[in-house]
Amino acid sequence: MTIFSTINQIDQNIILYISEHLRTPVLDSIMVFFSRIGNAGLVWIVICILLIASKKYRTVGIIAATVLITNTILGELILKNAIGRIRPYDALGLDIIIDKLNSFSMPSGHAISSFSVAFIVVFLVKEWKVYLPILILAIVITLSRVYLSVHYPTDVLLSIIIAFIVSFTATKIARAKGLITDKS
């Protein structure tokens, strides 16, 4: 057994466990809600616009929007098609409570967009009242995708890693260019 088949088996076991043991009508409703607000990155676009509209956080918003666009292109247009991983509900023959999707599973667009904005805000904003709700929202949206069987845990893990690397790099470049000097 290869490392990839072992990881795939663990991923499948987690999805099956969630599907068989953790699903409840209340949790279903909560997770569908959070998954939907993450659709098309809309909530993250709105957050970027709000940051850009604020004089205090304008630079943070511009950097967050740049990372969001970069990671959307990287994840949705390049990696998703290059990797071509079948979604868990198709691979495992599961019924799902949201509409089936016509794209591949890895990386997760919801997770990569969520953490693209969340990491920039965490890296550049010192006020926990600003960054903590954004980080929590990113976590819940990302977990909703695994709960709903549309992504494997490793799909979202890879997405978070990509978002971290691009966000960290963007922050370093912005500091080197003098666009930001310290946390806002």
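Among the residues of the stretch 162-184, write down those that are assigned to a helix (DSSP H, G or I), surrounded by 14 or more Cβ atoms within 10 Å (Cβ to Cβ) and either aliphatic (A, V, I, L, M) or modelled with pLDDT of 95 or more (or both).
Scanning the stretch 162-184 gives I162, A163, F164, V166, S167, F168, A170, T171, A174.
Of all residues in the stretch 71-129, which are of a type in the set (G, A, S) and in contact with a Phe, Trp or Tyr (Cβ under 6 Å, 6 or more places away or on another chain)? Write out each step before concluding.
Pass one, the stretch 71-129, residues of a type in the set (G, A, S): 75, 82, 84, 91, 93, 103, 105, 108-109, 111, 113-114, 116, 118.
Correct list: G84, S113.
What single numbered condition from (1) farther than 25 Å from V117 by Cα; (2) surrounded by 13 or more Cβ atoms within 10 Å (Cβ to Cβ); (3) out of contact with any helix residue (DSSP H, G or I) (no Cβ under 6 Å at 6 or more places or on another chain); (4) at pLDDT 95 or above fails to hold for V32?
(1)
Being assigned to a helix (DSSP H, G or I), farther than 18 Å from V140 by Cβ and out of contact with any Pro (no Cβ under 7 Å at 6 or more places or on another chain) is the requirement here; does S19 meet it?
Yes.
Looking at (1) under 30 Å from R58 (Cα atoms); (2) part of a loop (DSSP other than H, G, I, E, B), can you tell me which one E76 breaks?
The one condition E76 does not meet is (2).
The values are calculated or read from the model by the stated rules, or taken from the named source; none is laboratory data. Just so it is clear, the structure is predicted and the values come from calculations on it, not from any experiment. With ideal geometry, Cβ positions are generated from the backbone for all residues, glycine too; neighbour counts draw on all protein chains shown.
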